[in-house]
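**Q** There's a structure below that I have some questions on.
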Amino acid sequence: MRNSLLFFLFVFLSSTFVPTIQGQTTTLDFESGNIDGWTPVNIGEGIDITQEDKHGGKYALKMVNGTGTDAWSVQVAAPAVKLTSRNTYKVSFWVRAVGGGGKGRISTRSKNQLGGQYWPDFTVSNEWQQIEYKDLTAGGNSVELVFDMGYVAGKTYYIDDIVIEETSTIKSENEHVRMNLTVNGTSRSMLVYEPLDLPENRPLLVAFTGMNMDANGMLDGGKFWMVADTAKFVVVYPEPPASSWDQTGDSDLNFFSAIIDDMYARYKIDKKRVYITGFSWGGNFCYRIANNMADKVAAMAPIMGHSWGPNPNIAQSSHPMPIHQITGRYDDVFKPEYVPAILDKWIEWNNCATPPVVTNPYPVGSTTSTVEKKFWVNEATGVEMIQLTTPNGHSVPYDPKQIMANLEIWNFCKRYSLDGKIGDGTSNAGIKKPEAIALSEEYYNLTGQRMPNPETTQQKGPFIVKVNMSDGTSQSKKIVR
């Protein structure tokens, strides 16, 4: 069955990426009767293993929130689970809230650092219910799931039977490479993605991580290599020096400048088409670069981050700055109500017309999206500003039914150089549009009933495999074995 499915996917995708069905499954239960391997991050009123209630077996995890109402008021990290880098996994678990009315979320961390991949909040009833997410993408070789159950004060939760199932792998013909630079006497590190057959004079995108994240975390969330592979631009994910970016000194500004020079020396990138993006604190750092080194940046696209803290809310770039800002409607870190004051400064600085043109839902004609787009433009200079407000918390949007940040950011930035607006693709002649890639697979019997992955259950066919693509479409194929 594996060979026939691989052949079908290869023929029908005709893409650089070759998805293959895997099947490795890891189960986290509590049948040892102790909490060994689990790390309470914020203990609330208590985190322990209990026999009071359970979904399966004899034991379950019990989490009790105190008076806090932030997601992280009571928080625990699971033991590290070994993954295969760049593969995709499904996460599921069972949970109940005593008396109902509960609310939680899960996220990931690696190397004991918070701030990895986040999923939408979930509500919890008094009855045991299964929560499932299908889009965990591994950037490194292990990951810890983090359960954030602190939204509702005084609430008690039971969690059990956590399963991480490998569903697919998406491999490109060229992997990310770890590189090092010496900047002001200090060794600095970065992950670099160079597409195959990269021509000279192509753009560079530098993607800055959030606080307490590493470059692999930004690789996971941003997934810019999926676009860069066919659009032919270089992507760099710099490592922060101490889990953060220097918002007051010059150390990271000098690192950014050195990255540009190094990428030019290696790949002959177009220095007039350098773009920056960043998640959370990395988005904050984008605004710092815009105010201090705009002569090196043609456009920027912060994600769930903006000027804040030691980085003052000012707009003083050396040239009008095209800005694509992504905001999370439910972001509880860089909250959406903070964003208008930031953008207003830049709308004035760029001399963009107001009020904005509002599109809701965006994209136009979508029957699934709840994204709102605000658009400002200076007709004289061609400089545009966009704010996309998405149904996300503090996470990078990647949902074909809403928006995919990697595509939105590239399609915005690619139209600008340091010389100004360069149109809607004239600079990209001969570069094909990024192809849709396979995100997940679903299986059905011939009566239309959904079924588990036959590769793991060894169920005999015939059956139907449905492949969900990154452009929102799907394709189906009858498989016989």
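The values are calculated or read from the model by the stated rules, or taken from the named source; none is laboratory data. Computed from a predicted structure; not experimentally measured. A quick note on method: Cβ atoms are made from the backbone with ideal geometry, for glycine too, and the neighbour counts reach across all protein chains shown. Note: accessible area is taken over every heavy atom of the protein model, side chains too, but ligands, DNA and RNA are not part of it. Shrake-Rupley method; radii C 1.70, N 1.55, O 1.52, S 1.80 Å.
**Q** What is the one condition in (1) open to solvent by 70 Å² or more (accessible area, probe 1.4 Å); (2) of a type outside the set (A, V, I, L, M, F, W, C); (3) modelled with pLDDT of 90 or more that residue 197 does not satisfy?
**A** Residue 197 satisfies all of (1) open to solvent by 70 Å² or more (accessible area, probe 1.4 Å); (2) of a type outside the set (A, V, I, L, M, F, W, C); (3) modelled with pLDDT of 90 or more except (3).
**Q** Which of the residues belonging to region 149-180 are hydroxyl-bearing (Ser, Thr, Tyr) and modelled with pLDDT of 90 or more?
**A** Here is the first cut: in region 149-180, the residues hydroxyl-bearing (Ser, Thr, Tyr) are 151, 156-158, 167-169, 172.
Selection gives 151, 156, 157, 158.
**Q** Right, here's the next one. Kindly provide the set of residues from region 348-363 that are under 21 Å from residue 329 (Cα atoms) and either surrounded by fewer than 20 Cβ atoms within 10 Å (Cβ to Cβ) or among the β-branched types (Val, Ile, Thr) (or both), ordered by number.
**A** Here is the first cut: in region 348-363, the residues under 21 Å from residue 329 (Cα atoms) are 355-363.
Listed by number, the residues that qualify are 355, 356, 357, 358, 359, 360, 361, 363.
**Q** Same structure, new question: From the list 246, 229, pick out the single residue that is out of contact with any Leu (no Cβ under 6 Å at 6 or more places or on another chain) and without any contact (Cβ under 8 Å) to a residue 60 or more places away in the chain.
**A** On the way: 229 fails: without any contact (Cβ under 8 Å) to a residue 60 or more places away in the chain.
The conditions single out 246.
**Q** Now for a different question. Restricting attention to strands (runs of 3 or more DSSP E) lying wholly within region 19-80, give those where 2 or more residues are more than 30 Å from the chain's Cα centre (by Cα) and on the phi < 0 side of the Ramachandran plot.
**A** Values: elements: 25-28, 39-43, 46-50, 60-64, 74-77.
Qualifying strands (runs of 3 or more DSSP E): 46-50.
**Q** Give me the pairs: first residue in region 40-61 and open to solvent by 50 Å² or more (accessible area, probe 1.4 Å), second residue hydrophobic (A, V, I, L, M, F, W, C) and assigned to a loop (DSSP other than H, G, I, E, B), beta-carbon distance under 7 Å, and six or more apart or on different chains, which are they?
**A** 48/35; 55/128; 59/30
**Q** So which residues in region 387-399 are among the polar types (S, T, N, Q), crowded, with 21+ Cβ neighbours inside 10 Å and assigned to a strand (DSSP E or B), if there are any at all?
**A** Within region 387-399, the first condition is being among the polar types (S, T, N, Q), and the residues that meet it are 387, 389-390, 392, 395.
If we keep only those that are crowded, with 21+ Cβ neighbours inside 10 Å as well, we get 387, 390, 392, 395.
Passing the criteria: 387, 390.
**Q** Continuing with this model, one more query. Hey, any hits in region 182-205 for a residue that's assigned to a helix (DSSP H, G or I) and in contact with a His (Cβ under 7 Å, 6 or more places away or on another chain)?
**A** Going through region 182-205, the residues assigned to a helix (DSSP H, G or I) turn out to be none.
The answer is no, given that none of the residues of region 182-205 is assigned to a helix (DSSP H, G or I) and in contact with a His (Cβ under 7 Å, 6 or more places away or on another chain).
**Q** Which of the numbered conditions does residue 130 fail, given that it passes all the others? Conditions: (1) touching a Phe, Trp or Tyr at 6+ places or on another chain (Cβ under 6 Å); (2) of a type in the set (S, T, N, Q); (3) within 21 Å of residue 213 (Cα to Cα).
**A** Only one criterion is unmet by residue 130, namely (3).
So that you can scan it fast, the table gives a plain yes or no per residue for (1) touching a strand residue (DSSP E or B) at 6+ places or on another chain (Cβ under 7 Å); (2) basic (Lys, Arg); (3) farther than 29 Å from residue 335 by Cα; (4) open to solvent by less than 20 Å² (accessible area, probe 1.4 Å):
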site	(1), (2), (3), (4)
365	no, no, no, no
369	yes, no, no, yes
377	yes, no, no, no
385	yes, no, no, yes
401	no, yes, no, no
418	no, no, yes, no
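**Q** So which residues in region 293-312 are surrounded by fewer than 16 Cβ atoms within 10 Å (Cβ to Cβ) and over 23 Å from residue 392 (Cβ atoms), if there are any at all? Please lay out each step first, then the result.
**A** Taking region 293-312 as the starting set, the residues that turn out to be surrounded by fewer than 16 Cβ atoms within 10 Å (Cβ to Cβ) are 295, 309-310, 312.
Selection gives 295, 310, 312.
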